[in-house]
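The values are calculated or read from the model by the stated rules, or taken from the named source; none is laboratory data. Nothing here was measured: the structure is a model prediction, and the numbers come from that model. Methodologically, a virtual Cβ is constructed for each residue, glycine included, from the backbone with ideal geometry; neighbour enumeration extends over all protein chains shown. SASA here: full protein model, heavy atoms, side chains in, ligands and nucleic acids out. Shrake-Rupley method; radii C 1.70, N 1.55, O 1.52, S 1.80 Å.
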Amino acid sequence: MFPLSTPRREVARVVASYRSALRSRASSERFTKEGGEAFESLLEPAMRDLPAGTELVFVPDRELHQLPLAALFDRRRGRYLIEDHPCLVTPSLGTYLSALDHPRPKGDFRRVLAVGDPEIDRSAFPTLAPLPSARREAQAIAALYPEPTLLLGPAASRSAILAALPGSEVVHFATHALVDAREPLASLVATADPGEAVLRASDLDAKSLAGVEFVFLSACDTAPGFADGDREGVAGLARAVLAAGVSSVVATLWPVDDQAISGLPETFHARLRAGDSPARALQLAQLALLQRTNSHALAWVPFQLFSGN
């Protein structure tokens, strides 16, 4: 145990400064400086002499939910945390330990529901652009599983998604998401439906997601912090899915560019199918994007795994 004396006000400042550097697409020098300060303030004492490859399980609260933990930077070694450690966030230590008692055999996911680039009602959502990269992403992911259900364009409606969820083990949304940071169940996925009859977070309940073990929310800002800043956990679609009993969710801490992240979701699913744990699969997917010279340097950072196991 390594108790830290850092006061909450300083933690909040470190997180806000780091996220500001990310939002402004700051230089790599500023990004690594901010990430280094966060690492030194929050993790460095506990990380000394920790073997590479050790899986890190975080149980954050308040502002720390908005910190991309895998992207913290060890300036002494010149490495991101993700380069040496798979990382995941769990709602509570009790949840994590309970899940360890019921491990799933690795690599046996077969049934996937992949939703990509729904044909949305432009009058209801005039600012949301088409997502051609998301369509290709959903197609590539469906091809990785023996028993896929693929919903694209006009077929990606609320009713079709809800009808396809039963029996699915893995669900992947490559879509637009609109998040309510005060009331998570009011968040929505812009589906191929007229007017406001779209898929809402409240539709993704324990009944509709029964049997689903993994959800990948490849959309913007699917795991934001609460707007009032003092409530526990994540908000948005990720909170609704976790509350429904899904064991693992990959979600985003802020908006993402569907072209810049190209390849990350596909690599993740390929590794999951190959038998890697969700934490290891996300680590490898993020590293693959980090190492691509033609990719935006920070495109991999917003993705975070929330999991019981």
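Within the group P130, P154, which residue is open to solvent by 20 Å² or more (accessible area, probe 1.4 Å), of a type outside the set (A, V, I, L, M, F, W, C) and either in contact with a Phe, Trp or Tyr (Cβ under 9 Å, 6 or more places away or on another chain) or at pLDDT below 95 (or both)?
On the way: P154 fails: either in contact with a Phe, Trp or Tyr (Cβ under 9 Å, 6 or more places away or on another chain) or at pLDDT below 95 (or both).
The conditions single out P130.
Go over the candidates L81, L88 one by one and state the one that is open to solvent by less than 20 Å² (accessible area, probe 1.4 Å) and either under 18 Å from A299 (Cβ atoms) or in contact with a His (Cβ under 6 Å, 6 or more places away or on another chain) (or both).
L81
Could you check, for the range 191-200, whether at least one of its residues is under 25 Å from S262 (Cα atoms) and part of a helix (DSSP H, G or I)? Steps first, please.
Taking the range 191-200 as the starting set, the residues that turn out to be under 25 Å from S262 (Cα atoms) are 191-192, 199.
Keeping just the survivors that are part of a helix (DSSP H, G or I) gives none.
Within the range 191-200 (the criterion being under 25 Å from S262 (Cα atoms) and part of a helix (DSSP H, G or I)), the answer is no, since none of the residues qualifies.
Give D205, D228 a once-over and let me know the one that is open to solvent by 10 Å² or more (accessible area, probe 1.4 Å), more than 22 Å from A155 (Cβ to Cβ), of a type outside the set (S, T, Y) and modelled with pLDDT of 90 or more.
Answer to the selection: D205.
All but one of (1) over 18 Å from Q304 (Cβ atoms); (2) open to solvent by less than 50 Å² (accessible area, probe 1.4 Å); (3) of a type in the set (S, T, Y) hold for T222, so report the exception by its number.
Result: T222 passes all but (1).
Any residue in the range 168-184 that is under 21 Å from Q259 (Cα atoms), part of a strand (DSSP E or B), open to solvent by 30 Å² or more (accessible area, probe 1.4 Å) and in contact with a strand residue (DSSP E or B) (Cβ under 7 Å, 6 or more places away or on another chain)?
Yes.
Contact list please: Cβ distance under 7 Å, first residue in the range 129-142 and assigned to a helix (DSSP H, G or I), second residue open to solvent by 50 Å² or more (accessible area, probe 1.4 Å) and modelled with pLDDT under 95, pairs at least six apart or on different chains.
S133/Q259; S133/S262
Could you check the range 58-71 and list, in sequence order, the residues that are among the aliphatic types (A, V, I, L, M) and either touching a strand residue (DSSP E or B) at 6+ places or on another chain (Cβ under 7 Å) or in contact (Cβ under 8 Å) with a residue 40 or more places away in the chain (or both)?
Scanning the range 58-71 gives L64, L67, L69, A70, A71.
Count, please, the residues in the range 34-57 that happen to be within 14 Å of A71 (Cβ to Cβ) and in contact (Cβ under 8 Å) with a residue 40 or more places away in the chain.
2
Quick check on the range 10-45: of everything there that is among the basic types (K, R) and either in a loop (DSSP other than H, G, I, E, B) or open to solvent by 60 Å² or more (accessible area, probe 1.4 Å) (or both), which residue is modelled with the highest pLDDT?
R13
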